[in-house]
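**Student:** First the structure, then my questions, so here it is.
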Amino acid sequence: MKVVIIGSGVIGVSTAWYLAKQGCDVTVIEKNSDSSLETSFANAGQISPGYATPWAAPGIPQKAIKWLFQKDAPLKIKPDGSIFQIQWIIEMMKHCTYNNYAINKERMLKLAEYSRDKFVELRQEIGIQYDDAQLGNMQLFRSQKQLDGMQKDITVLNECGVPYKALDPNGCVEFEPALANSKHLITGGLLLPNDETGDCLIFTQKLTKECEKLGVKFLFNKKITKIKKQHHKITAVICGREEFIADHYVMAAGCFSRDLMKQLDISIPVYPVKGYSLTLDIIDDAKAPRSTLLDETYKVAVTRLGNRVRVGGMAELIGYDLSLNDKRRLTLEKVVTDLFPNSVDLSKPNFWTGLRPMTPDSTPIVGTTPIHNLTLNTGHGTLGWTMCLGSGKYLADVITGKTPEIQIDGLDISRYNKV
Ligand SMILES: Cc1cc2nc3c(=O)[nH]c(=O)nc-3n(C[C@H](O)[C@H](O)[C@H](O)COP(=O)(O)OP(=O)(O)OC[C@H]3O[C@@H](n4cnc5c(N)ncnc54)[C@H](O)[C@@H]3O)c2cc1C
């Protein structure tokens, strides 16, 4: 089967890998000059099924109002002039009920756990290295209120059978010895020992090369602007004067998937949620983190990636704006210097922003569409790095008519056909 994939981010490349393994003739079309130069470029580095939690959660509407007036708040909303932004926010708020949260959490967790298992398999199969570590991730609490709130998460982790360990400040330092320098700030932590870390850019570009060895063709610097359809079938995707024809097409264009799908009269609620990261060289190994920790106060992750530290997080709903906000950089700097003082070189910051392709229920859209030869693999929001291999394998099985190895109801677009 001939398959064209639109988008060479971590999701498109993961899909290409599994399709090629199943004998498909795959072409990936990408508007940039290489894989992984958009949202998959410098994310926070967590492969974290343990934190596979919907943003749309009970209590979020109240918190969101508080955050609107708070300095250093993890969330910022500015009207982007579109009705879609308002619809998306309303739809997200509707998902903040206990019932919807439980459904979405289960879908995310299943896919994320499956994906993590695929990372283990892939490392064994091709020995891929990407500044990765398998040491577990820790959520770090600075206040008693946050520590008390941990019970809610523990209930969900118990229900889902995810291993965890609640830590006191000494336990946190045992896990991350460099926290000895900031122990006075810590009230406790929650360790997820099965979570992993790694650099998504290195991974995606290495997997691109591995895909090429299997015969996948990557066409870079080609922006698909038009999709031709006849009845319920795509007949070609178009870039300038070039037409690309296949038996099957996969939409993996991240935040840009929605615009392309509009041409086909299919509305997918994927909104660009802006985040920031700061990558810094380590200058004192003993003072730097070994793995990832998530500072609950700022909702910022601090991740060790080889001889660098990546600090990332924040959420802004302000459309496709990619300007770098210096206040955000200062907050990221504050988190890393609070927790790991004198560990990194702040004089050479690599400051980046990216747009998470986010659905209102926080779960990706993976699966078939009303168009017979088009499937979607998009909308992975905060956890596309975590879910990439699971989504890629699941979708490859759907496309080639195999029974997927995991059963997840409602992962495809049908759950949104009203939006
Ligand atoms: C600050 C931040 C921190 C994050 N931290 C984490 C984390 O710790 N863990 C985690 O799991 N996830 C994290 N994420 C989320 C994760 O990075 C994303 O979910 C993931 O990268 C999305 O991958 P993608 O392939 O769908 O999108 P992209 O990487 O954006 O890929 C889509 C590709 O499609 C191409 N494209 C678009 N339109 C066209 C067109 N018309 N023609 C041709 N090509 C096109 C684009 O150029 C792009 O290369 C974070 C995100 C941000 C912003």
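The values are calculated or read from the model by the stated rules, or taken from the named source; none is laboratory data. All values reported here derive from a predicted model rather than from experimental measurement. With ideal geometry, Cβ positions are generated from the backbone for all residues, glycine too; neighbour counts draw on all protein chains shown.
**Student:** Taking region 377-416 as the search range and keeping residues that are in contact with an Asp or Glu (Cβ under 9 Å, 6 or more places away or on another chain) and over 19 Å from Lys118 (Cβ atoms), which one is nearest to the ligand (Cβ to nearest atom)?
**Tutor:** Selected residue: Tyr416.
**Student:** Regarding Arg304, is this residue within 22 Å of Met387 (Cα to Cα), more than 11 Å from the ligand (Cβ to nearest atom) and basic (Lys, Arg)?
**Tutor:** Values: within 22 Å of Met387 (Cα to Cα): yes; more than 11 Å from the ligand (Cβ to nearest atom): yes; basic (Lys, Arg): yes.
Considered against the rule, which asks whether it is within 22 Å of Met387 (Cα to Cα), more than 11 Å from the ligand (Cβ to nearest atom) and basic (Lys, Arg), Arg304 comes out as yes.
**Student:** Only residues that are assigned to a loop (DSSP other than H, G, I, E, B) and either among the small types (Gly, Ala, Ser) or touching a residue at least 40 places away in the same chain (Cβ under 8 Å) (or both): list them for region 261-276, please.
**Tutor:** Going residue by residue through region 261-276, those that are assigned to a loop (DSSP other than H, G, I, E, B) are 263-270.
Within region 261-276, Leu264, Ile266, Ser267, Ile268, Pro269, Val270 meet the criteria.
**Student:** Residues to consider are Ala64, Ala57; find the one that is without any contact (Cβ under 8 Å) to a residue 40 or more places away in the chain and under 22 Å from the mean Cα position of the chain (by Cα). Before you say what the answer is, go through the steps one by one.
**Tutor:** Values: Ala57 fails: without any contact (Cβ under 8 Å) to a residue 40 or more places away in the chain.
None of the other options fit; the residue is Ala64.
**Student:** Considering only residues that are farther than 19 Å from Asp72 by Cα, at pLDDT below 95 and assigned to a strand (DSSP E or B), which ones fall in region 280-322?
**Tutor:** If the condition is that a residue be farther than 19 Å from Asp72 by Cα, at pLDDT below 95 and assigned to a strand (DSSP E or B), then Thr292 is the only one that fits.
**Student:** Filter region 1-33 for residues that are small (Gly, Ala, Ser) and touching a helix residue (DSSP H, G or I) at 6+ places or on another chain (Cβ under 9 Å); which is surrounded by the fewest Cβ atoms within 10 Å (Cβ to Cβ)? Walk me through it before giving the result.
**Tutor:** If we filter region 1-33 for residues that are small (Gly, Ala, Ser), which is where we start, we get 7-9, 12, 14, 16, 20, 23, 33.
Checking which are touching a helix residue (DSSP H, G or I) at 6+ places or on another chain (Cβ under 9 Å) leaves us with 7-9, 12, 14, 16, 20, 23.
Details: Gly7: 31, Ser8: 29, Gly9: 29, Gly12: 32, Ser14: 29, Ala16: 32, Ala20: 20, Gly23: 11.
Selected residue: Gly23.
**Student:** How many of the residues making up region 212-260 are part of a helix (DSSP H, G or I), within 30 Å of Leu122 (Cα to Cα) and within 14 Å of the ligand (Cβ to nearest atom)? Don't jump to the end; show me each part of the working.
**Tutor:** Of the residues in region 212-260, the ones part of a helix (DSSP H, G or I) are 212-213, 254-260.
Next, only the ones that are within 30 Å of Leu122 (Cα to Cα) stay: 212-213, 254-257.
Those still in the list that are within 14 Å of the ligand (Cβ to nearest atom) too: 254-257.
Final tally of qualifying residues: 4.
**Student:** Contact list please: Cβ distance under 8 Å, first residue in region 315-339 and more than 30 Å from Thr359 (Cβ to Cβ), second residue assigned to a helix (DSSP H, G or I) and small (Gly, Ala, Ser), pairs at least six apart or on different chains.
**Tutor:** Asp338/Ser182; Leu339/Ser182
**Student:** Quick one: how many residues across region 261-284 are charged (D, E, K, R) and either closer than 21 Å to Lys2 by Cα or away from the ligand (no atom under 14 Å from the Cβ) (or both)? Give the steps one after another, and end with the answer.
**Tutor:** Restricting attention to region 261-284, the residues satisfying the condition of being charged (D, E, K, R) are 262, 265, 274, 281, 284.
Cutting the leftovers down to either closer than 21 Å to Lys2 by Cα or away from the ligand (no atom under 14 Å from the Cβ) (or both) gives us 265, 281, 284.
Number of matching residues: 3.
**Student:** Moving to a separate point now. Run down Lys105, Lys152, Lys118 and say which single residue is touching a Lys or Arg at 6+ places or on another chain (Cβ under 8 Å) and on the phi < 0 side of the Ramachandran plot. Working first, answer last.
**Tutor:** Numbers: Lys105 fails: touching a Lys or Arg at 6+ places or on another chain (Cβ under 8 Å); Lys152 fails: touching a Lys or Arg at 6+ places or on another chain (Cβ under 8 Å).
Being touching a Lys or Arg at 6+ places or on another chain (Cβ under 8 Å) and on the phi < 0 side of the Ramachandran plot holds for just one of Lys105, Lys152, Lys118, which is Lys118.
**Student:** Among (1) over 19 Å from the mean Cα position of the chain (by Cα); (2) under 30 Å from Thr279 (Cα atoms); (3) among the polar types (S, T, N, Q), where does Ser82 come up short?
**Tutor:** For Ser82, the failing item is (2).
**Student:** Moving on to the next point. Which ones in region 352-373 are part of a strand (DSSP E or B) and either surrounded by 24 or more Cβ atoms within 10 Å (Cβ to Cβ) or within 8 Å of the ligand (Cβ to nearest atom) (or both)?
**Tutor:** First pass over region 352-373, keeping only residues part of a strand (DSSP E or B): 352-358, 365-368.
Passing the criteria: Trp352, Thr353, Gly354, Leu355, Arg356, Pro357, Met358, Ile365, Val366.
**Student:** Considering each residue of region 1-52, count those that are more than 11 Å from the ligand (Cβ to nearest atom) and among the β-branched types (Val, Ile, Thr), and give that number.
**Tutor:** Adding up the residues that qualify gives 3.
**Student:** Go through region 124-173 residue by residue and tally those that are farther than 19 Å from Ala112 by Cβ, in contact (Cβ under 8 Å) with a residue 24 or more places away in the chain and among the small types (Gly, Ala, Ser).
**Tutor:** 2
**Student:** Looking for whichever is touching a His at 6+ places or on another chain (Cβ under 8 Å), assigned by TED's automatic domain parsing to the domain that holds Lys334 and more than 25 Å from Glu212 (Cα to Cα) here; the options are Pro54, Pro79, Pro74, Pro61. Which one fits? Talk me through it step by step, then tell me what you get.
**Tutor:** Values: Pro79 fails: touching a His at 6+ places or on another chain (Cβ under 8 Å); Pro74 fails: touching a His at 6+ places or on another chain (Cβ under 8 Å); Pro61 fails: touching a His at 6+ places or on another chain (Cβ under 8 Å).
So the residue among Pro54, Pro79, Pro74, Pro61 that is touching a His at 6+ places or on another chain (Cβ under 8 Å), assigned by TED's automatic domain parsing to the domain that holds Lys334 and more than 25 Å from Glu212 (Cα to Cα) is Pro54.
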